[in-house]
Amino acid sequence: MQQQPYQYTKGKIAVERARMSSDNVVLGVTFGVFFLLTFGYFIYSYFDEVAKHLGGVTFLGGVIGLLIALVLGCVFLAVSLGIGMFLTRMMRQQMLGNSLEVQYSAYAWLRDWSNEVAADLEMPQVEIFITQNPVINAYAFGFARPYAIVLHSGSIRYLTEDELKVIVVHEMAHIKYKHTDASVYLIPFLIIPIINMAGNWIAGFWRRRTEFTADRLALAYIGDAALVKNALIKVHVGPDTAKDMNDVARQWLQYKAERPMNRFAQTFSDHPYLVRRLSQVDYWDTAFHAAQAQPVQTASATPVQSAPNGEMAAQSSAASTQTPKPPVPPRKRKNSQGSPKGDNASEA
């Protein structure tokens, strides 16, 4: 029986190009820090109470207290995670009662299009809601199915159809790469007294990286850097002044963003600065085009054909085609080119 060649669709290529394994490393470090802080909090609380009532702690009492603190910590995390899952599901139910599902509006085409994209990206279909809010924005949430994307009415009003597609793919990236799932797992650590003060700051390092990754998938799938940048600019500065974000404005913002105090201030935000997101889009657009110019490696002499819709199909039955990956961005930013060094270079 002849083995069918493995085909890389447009969606598969985009997912692999946008994927950044270091995101998972940062997430793992974040969870590790949270676990240490959480159990440290319970252990300190136990010994502090014992010291107040008994005046001291014996060795046996210390061992018992350590075990009690660990058990209580695990129970607290499990209960908090269950509450987080419940609240996530209740959030969807509230959307059903207070928002409009996009398929029942004049934008029903967006649900059909998103279903096609979901199939291409090999991810679950998403529900899209429209809620009343004049601010241009959107967000995704969900833990297991169903996943949902919420569009503010301001996005519907001010964004073009193509820009809406950029925003939807960006939010779908958060679902595809399990960012929404991981956010639910972070909930227990962010509701503990004292720890939550530093928790959001610590989680911000990973959250900003997820925004870069979502931007990359939107760029890799849509394939239009100018369109992606226009959508991001409208989200950040509004539709009325979006056209004023020219090269001079970007260069000035880039200069200010590199100042030490501004770099530190960014660590208190869930999203990277606009100018850094734009620089990332420019960098990866160049990297993606460079990767496309490179010959695709195969295990046989049979050439690889490029289909009109951008899909790469290998004609060899002996081996599969490897998707070219763009180079890893440099650690330092070149000011003359405006290529970013990424959020992790200054924060992680």
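The values are calculated or read from the model by the stated rules, or taken from the named source; none is laboratory data. Quantities reported herein were computed from a predicted structural model and do not represent experimental measurements. No Cβ is skipped: glycine too gets one built from the backbone with ideal geometry, and neighbour counts run over all protein chains shown.
Assorted remarks:
- All told, A148 falls short of being in a strand (DSSP E or B), over 21 Å from A106 (Cβ atoms) and of a type outside the set (F, W, Y).
- Any chance Y283 is among the aromatic types (F, W, Y), under 26 Å from H152 (Cα atoms) and modelled with pLDDT of 90 or more: no
- Subset tally (residues that are within 18 Å of F143 (Cα to Cα), of a type outside the set (V, I, T), modelled with pLDDT under 85 and surrounded by fewer than 21 Cβ atoms within 10 Å (Cβ to Cβ)) for region 173-200: 1
- Tabulated pairs, region 167-180, first in a helix (DSSP H, G or I), second surrounded by 24 or more Cβ atoms within 10 Å (Cβ to Cβ) and among the basic types (K, R), C-beta under 9 angstrom, 6+ apart or interchain: A173/R216
- Looking only at region 60-76, residues that are modelled with pLDDT of 75 or more and surrounded by 15 or more Cβ atoms within 10 Å (Cβ to Cβ) come to 3 in all.
- Positions within region 80-130 being in contact with a helix residue (DSSP H, G or I) (Cβ under 7 Å, 6 or more places away or on another chain) and assigned to a strand (DSSP E or B), in sequence order: V126, I128, F129, I130
- Qualifying helices (runs of 4 or more DSSP H) (wholly inside region 235-296; at least 3 residues being loosely packed, with under 12 Cβ neighbours inside 10 Å): 247-257, 260-266
- So A118, is it in contact with a Pro (Cβ under 7 Å, 6 or more places away or on another chain) and either free of Cβ contacts under 8 Å to residues at least 60 places away in the same chain or of a type outside the set (V, I, T) (or both): yes
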